[in-house]
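Scroll down for the structure; my scribbles are underneath it.
We did not get these values from a lab; they are worked out from the coordinates using the rules stated. Please read all numbers here as calculations on a predicted model, not as lab measurements. Heads up, the Cβs are rebuilt from the backbone with ideal geometry, glycines too, and the neighbour counts pull from every protein chain shown.
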Amino acid sequence: MPRKPITVTQPSLPPLEEFIPYLEEIWESKWLTNNGPFHGQLEKALCDYFGVEHLALFANGTVALITALQTLRISGEVITTPYSFVATSHSLLWNNIQPVFVDIDPQRMTLDPARIEAAITPRTMAIMPVHCYGYPCDVERIQQIADTYGLKVIYDAAHAFGVRYKGESLVRHGDLSVLSFHATKVFNTFEGGAIVCPDAKTKQRIDFLKNFGFADEVTVMAPGINGKMNEFQAALGMLQLSKIGQALEKRAVLDRRYREGLAQVRGITLPQAPAGTTHNHAYFPVLVEPDYPMRRDELYARLRKEDIFARRYFYPLISDLPMYRGLPSANPAHLPVAKSVSERILCLPIYPDLPPDEVDRVIGIVASATA
Ligand code: T4K
């Protein structure tokens, strides 16, 4: 039988027969969206899972990011990282906010707190850091800076489902924390997302904003958007959540296998989450260094030839894209770490159903170049 291509990620799905009763319930009730029963159940279950009091579900992570900025009435400038998926910065442009790019820390690959203060201007209203690959940002130092300058912090926690840092869920940090439940994520509802928020009043504002701004049948309090999660997504989320422990454990096993197999390969650096992190192994990033016998893009192409679709998350940098590169903060001279990491990064395949012998095959190909 021909081998199946190996992609960088692949969604976890429950056995179909286990989802049928959920579908029957939806069909029976004919309640399909707009704050239905599964929506309520999933909000509650995720609050319990994260140990938070308030969370609002969304149709996807990008609309959640856009709405998070609206929730806190952010305008002017927002400090953010160029080393992320485009949705992070796009959410700023959709709100007419100017992104101000600041370089990343070479170990964490997240916004470097040492460089934030120099980027603050009278127009700065917030910081939008990203827990890239589920590696926690330096949340303490970022909060200190925000407190000193009176800035809000909105975390893009799209990669951070299930990550714990210093004993608590990472999504508890910041004024708001935004998750993605896209098919490629650790926890998926096909498409989906959420905002974690601190109090009932903020949650109410978010709920209005994600439903066109409706406060009641006749009152529209703001030009809100349609960001609602539907009942199909929420029901799937309930079933997925019951399996998340096993999925995270399988990822951890594969991560260990990669680390053991690649530890001695010359020119391959294996980044890891900072001390104090219980990681989710959402991605398996490696850095292809100058002493590796081929360049990153050659290794990428070599793997593709073998039907192994590793990805260059995140290359190119957001700040190099046409809609951002004219910004003063996008000057590559100010972003040397992000630039260098984006030129060396390669994310190898990792997902719960990835067979261990396929991990060994990937390791073998990566190692063979140095043989
Ligand atoms: N912030 C950050 C930091 C993010 O990374 C993202 C999304 C967001 C915000 C926005 O959240 P959402 O609005 O998406 O909820 C993918 C995802 O589309 C995107 O959600 C994700 N980040 C980004 C890192 O990766 P692509 O363009 O690389 O996806 P794609 O379609 O090439 O998929 C990657 C591989 O996954 C495929 O080669 C095969 C596999 N796959 C994919 C899908 C969609 C499957 O096996 N099944 C599938 O259904 O962006």
(message) Under the 0.36 nm per residue contour assumption, what length would be gained going from the current alpha-carbon distance of K201 and R73 to full extension?
(response) 44.6 nm
(request) May I ask for log10 I(q)/I(0) of segment 244-368 at q = 0.10, 0.15, 0.19 Å⁻¹, from a Debye sum over the Cα atoms as equal point scatterers with solvent left out? (result) -0.36, -0.76, -1.08
(request) Mind checking which lysines have their Cα closer than 26 Å to the Cα of K228? Skip sequence neighbours fewer than 8 apart in that chain. (result) K30, K44, K152, K185, K201, K203, K210, K243
(request) Using only the alpha-carbon atoms of segment 303-371, report the extent along each of the three principal axes, biggest first, to the nearest angstrom. (result) 47, 28, 20
(request) Apply the Karplus parameterisation 6.51 cos²θ - 1.76 cosθ + 1.60, with θ equal to phi minus 60°, to every residue of segment 330-344 and state each ³J(HN,Hα) to the nearest whole Hz, in sequence, with x for glycine and proline. (result) 7, 4, x, 4, 8, 10, x, 5, 4, 4, 5, 5, 5, 7, 10
(message) Cut-off under 19 Å on the C-alpha distance; same-chain residues fewer than 8 positions from K339 excluded. Which aspartates and glutamates are left, in chain and number order?
(response) D103, D105, D112, E289, D291, D297, E298, D320
(message) Please list, in order along segment 261-270, the HN-Hα scalar couplings obtained from phi with the Karplus expression 6.51 cos²θ - 1.76 cosθ + 1.60 (θ = phi - 60°), rounded to whole Hz, x for Gly and Pro.
(response) x, 9, 3, 9, 7, 5, x, 10, 9, 10
(request) Restrict the search to segment 233-304; then list the trypsin sites (Lys or Arg not before Pro) that DSSP places in a loop and that have at most 12 other Cβ atoms within 10 Å of their Cβ. (result) R266
(request) Summarise the long-distance tail of P(r) for segment 137-206 by giving the % of C-alpha pairs beyond 21 Å. (result) 31
(request) Quickly rank 272-279, 14-21, 86-93 as a protection proxy: mean count of other C-beta atoms within 10 Å, highest first. (result) 86-93, 272-279, 14-21
(message) Please list, in order along segment 175-180, the HN-Hα scalar couplings obtained from phi with the Karplus expression 6.51 cos²θ - 1.76 cosθ + 1.60 (θ = phi - 60°), rounded to whole Hz, x for Gly and Pro.
(response) 6, 9, 9, 10, 10, 10
(request) Taking a cut-off of 18 Å between Cα atoms, list the lysines near K305, but don't count ones fewer than 8 places away on the same chain. (result) K4
(request) Could you pull out every residue, at least 5 positions away or on a different chain, whose amide H is within less than 5 Å of the one on V100? Hs are placed 1.01 Å off N in the peptide plane, and Pro or chain starts have none. (result) V78, I79, T80
(message) So if I average 1/r over every pair of distinct C-alpha atoms in the chain and take the inverse, what Kirkwood radius in Å does that give?
(response) 21.4
(message) Between G267, G193, G167, where does the largest GNM mean-square fluctuation fall for the chain, given springs only between Cα atoms within less than 10 Å?
(response) G167
